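Comments concern the structure below.
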Amino acid sequence: MRPTKNDLMMSFAVLASRRSTCSRLQVGCVLTDRLRESVAFGYNGGPRGGRNECARSDVGSCGCLHAEINATIKAPRGLEIAYCTDTPCESCATALVNYGVQELYYLREYRKTEGRAILVNSGVDITRMGSPMFPDTWPHKFTASVIGGTE
């Protein structure tokens, strides 16, 4: 089965999430252009070349930089579509809006909804992907079988 470009971009986000070093929630984000040809990606984790673990065990304050921020700081301007494994938190939603994202696709709902409200109020089109390639795995970690591999 040939994947759609949406499925391809989301598979990149899922794969990026597997690089996360956060012990609580592994998140991936891909930013792309309208043709879905130029890509920047990010995942949540510590500083480049630094620790590969959370700094603290506090929920929401583990010290990991979020996937969306990692993607936007590496991205050239003009990437208007975001593929996120999870809906963004409030700060990340603000960053995506300020960066210029016009559309956001996601797989799972984040535990807090303030980010979604910012996106909606800013006119960002939000779509939950329901592709059979990506079963709803919330609140579990993504496994290799979700992206077509084996564990």
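Per residue, segment 1-107 exposes 49 Å² of solvent-accessible protein surface, assessed with a 1.4 angstrom probe and all protein chains in place. Translational diffusion coefficient, Stokes-Einstein: compute it for segment 1-70 using the Kirkwood radius over C-alpha pairs as Rh, at 10 °C and 1.306 mPa s, and state it as an integer in µm² s⁻¹. For these conditions, the coefficient is 124 µm²/s. Placing +1 on each Lys and Arg Cβ and -1 on each Asp and Glu Cβ, with no other charges, gives segment 1-61 a dipole about its Cα centre of roughly 80 debye. The H on the amide N of L104, modeled in the peptide plane, is under 5 Å from the matching H of A82, D125, I126, T127, each at least 5 residues off or on a different chain. Taking the empirical scaling 2.2 N^0.38 Å for compact globular proteins as reference, the chain has a Cα radius of gyration ratio of 0.97.
Charge dipole (Cα centre; +1 on Lys/Arg Cβ, -1 on Asp/Glu Cβ; no other charges) of the chain amounts to roughly 320 debye.
Rolling a 1.4 Å probe over the protein heavy atoms of the chain, with every protein chain left in place, gives an accessible area that is 50 percent carbon and sulfur. Computed over protein heavy atoms with a 1.4 angstrom probe, the accessible surface ordering of R108, R128, R19, R2, largest first, is R2, R19, R128, R108.
Considering helices alone, the calculated mean residue ellipticity of the chain at 222 nm is -7500 deg cm²/dmol, with DSSP H runs of length four and up weighted by -39500 (n - 2.57) and normalised per residue. Phi angles across segment 26-42 convert, under the Karplus curve 6.51 cos²θ - 1.76 cosθ + 1.60 with θ = phi - 60°, into 3J(HN,Hα) values of 9, 10, x, 9, 10, 10, 8, 8, 5, 7, 6, 10, 9, 9, 10, 9, x Hz, Gly and Pro given as x.
The eigenvalues of the Cα gyration tensor, multiplied by 5 and square-rooted, give segment 70-124 an equivalent ellipsoid with semi-axes of 17, 12, 10 Å from largest to smallest. Here the Karplus curve 6.51 cos²θ - 1.76 cosθ + 1.60, taken at θ = phi - 60°, turns the phi angles of segment 85-100 into couplings of 5, 9, 4, x, 6, 4, 5, 5, 4, 4, 4, 5, 5, 5, 5, x Hz, with x standing for Gly and Pro.
Between the beta carbons of N121 and D33, assuming R0 = 22 Å, the FRET efficiency works out to 0.35 to the nearest 0.05. Ranking G123, C89, G50 by how far each Cα lies toward the positive end of the dipole of the chain (charges on Cβ) leaves G50 at the top. Accessible area ranking (1.4 Å probe, heavy atoms, ligands and nucleic acids excluded), largest first, for Y83, Y43: Y43, Y83.
Note on the chain: antiparallel DSSP beta bridges, both residues inside, total approximately 55 percent of the bridges counted.
The values are calculated or read from the model by the stated rules, or taken from the named source; none is laboratory data. Values in this document were obtained by computation on a predicted structure and should not be read as measured data. Heads up, the Cβs are rebuilt from the backbone with ideal geometry, glycines too, and the neighbour counts pull from every protein chain shown. In case anyone asks, the SASA skips ligands and DNA or RNA and just uses the protein heavy atoms, side chains included. Shrake-Rupley method; radii C 1.70, N 1.55, O 1.52, S 1.80 Å.
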